[in-house]
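Novice: Let me give you the structure first, and then I'll get to my questions.
The values are calculated or read from the model by the stated rules, or taken from the named source; none is laboratory data. Computed from a predicted structure; not experimentally measured. Using ideal geometry, Cβ is built from the backbone for each residue, glycine included, and neighbour counts are taken over all protein chains shown.
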């Protein structure tokens with residue numbers, strides 16, 4: 001009898017916590033990465049698994065920023081050099097061997113694109129209270145480029161909306 005009472009109390013507490021979680025406003029949180037000396041923020045709910053750099057199989061007749069395909073946990077994923085795609089590093093530098101700190105960030109499977117982004121290194125997690133929005137520079141940006149944020153040290157971090165990136169026609173056009 002005591003076990004049933006304890007189970008009911010546990011279920012009641014869980015139900016209350018779930019309700020509170022639904023009604024609470026969530027603070028934005030990101031995975032922070034660096035590539036070509038730039039800081040980027042990926043929304044956590046849009047990022048997938050993180051992998052160490054693996055051998056890639058090149059694909060002929062593709063864009064320079066499309067590095068090839070990789071087997072990631074049994075799934076075939078296209079690999080895009082993020083910095084080369086964004087134009088912040090020359091495409092020729094993409095062919096250089098992956099450094100030890102390089103990582104592949106898979107897009108969340110819910111985005112329906114088997115793709116991973118090559119970045120130079122992980123820089124941890126960031127949340128909205130740790131950052132301040134930087135003023136917009138007024139230049140046109142693709143829809144996948146979000147706000148620019150500054151951390152406590154004054155470093156700029158550019159938000160990359162992975163859901164919009166996965167739907168961007170230029171990103172999806174890998175044929176060179």
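Novice: With at negative phi and touching a helix residue (DSSP H, G or I) at 6+ places or on another chain (Cβ under 8 Å) as the only criterion, which of 104, 122, 117, 131 stands out?
Specialist: 117
Novice: Another question, if that's okay. Quick one: how many residues across region 131-167 are under 17 Å from residue 111 (Cα atoms), touching a residue at least 40 places away in the same chain (Cβ under 8 Å) and in a loop (DSSP other than H, G, I, E, B)?
Specialist: Final tally of qualifying residues: 1.
Novice: So, in region 111-125, exactly how many residues are surrounded by fewer than 16 Cβ atoms within 10 Å (Cβ to Cβ) and in contact (Cβ under 8 Å) with a residue 60 or more places away in the chain?
Specialist: Residues in region 111-125 being surrounded by fewer than 16 Cβ atoms within 10 Å (Cβ to Cβ) and in contact (Cβ under 8 Å) with a residue 60 or more places away in the chain: 4 in total.
Novice: So if I check each of 140, 169, which one is surrounded by fewer than 11 Cβ atoms within 10 Å (Cβ to Cβ), at pLDDT 95 or above and either under 16 Å from the mean Cα position of the chain (by Cα) or on the phi < 0 side of the Ramachandran plot (or both)?
Specialist: Answer to the check: 169.
Novice: Between a first residue in region 47-61 that is over 22 Å from residue 31 (Cβ atoms) and a second residue that is not in a loop (DSSP other than H, G, I, E, B), which pairs have beta carbons less than 6 Å apart while being 6 or more apart in sequence or on different chains?
Specialist: Taking only residues 6 or more apart or on different chains, the pairs are 57/68; 57/69; 58/68; 59/68.
Novice: To continue, here is another question. Hey, can you tell me all the residues within region 25-72 that are surrounded by fewer than 14 Cβ atoms within 10 Å (Cβ to Cβ) and out of contact with any strand residue (DSSP E or B) (no Cβ under 7 Å at 6 or more places or on another chain)?
Specialist: Within region 25-72, 25, 26, 37, 45, 55, 60, 71 qualify.
Novice: Only one residue in 134, 106, 128 is in contact with a strand residue (DSSP E or B) (Cβ under 9 Å, 6 or more places away or on another chain) and surrounded by 15 or more Cβ atoms within 10 Å (Cβ to Cβ), so which one is that?
Specialist: Every option except 106 fails the conditions.
The rows are residues; the columns are (1) at pLDDT 95 or above; (2) assigned to a helix (DSSP H, G or I); (3) closer than 30 Å to residue 134 by Cβ.
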| residue | (1), (2), (3) |
| --- | --- |
| 15 | no, yes, no |
| 27 | no, no, yes |
| 30 | yes, no, yes |
| 50 | yes, no, yes |
| 69 | yes, no, no |
| 77 | yes, no, no |
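Novice: Name every residue in region 120-130 that is under 22 Å from residue 102 (Cα atoms) and assigned to a strand (DSSP E or B), in order of residue number. Give the steps one after another, and end with the answer.
Specialist: Here is the first cut: in region 120-130, the ones under 22 Å from residue 102 (Cα atoms) are 120-126.
Selection gives 121, 122, 123, 124, 125, 126.
Novice: Identify, please: which residue in region 83-101 is surrounded by fewer than 16 Cβ atoms within 10 Å (Cβ to Cβ) and assigned to a loop (DSSP other than H, G, I, E, B) and is, among those, modelled with the lowest pLDDT?
Specialist: Here the answer is 97.
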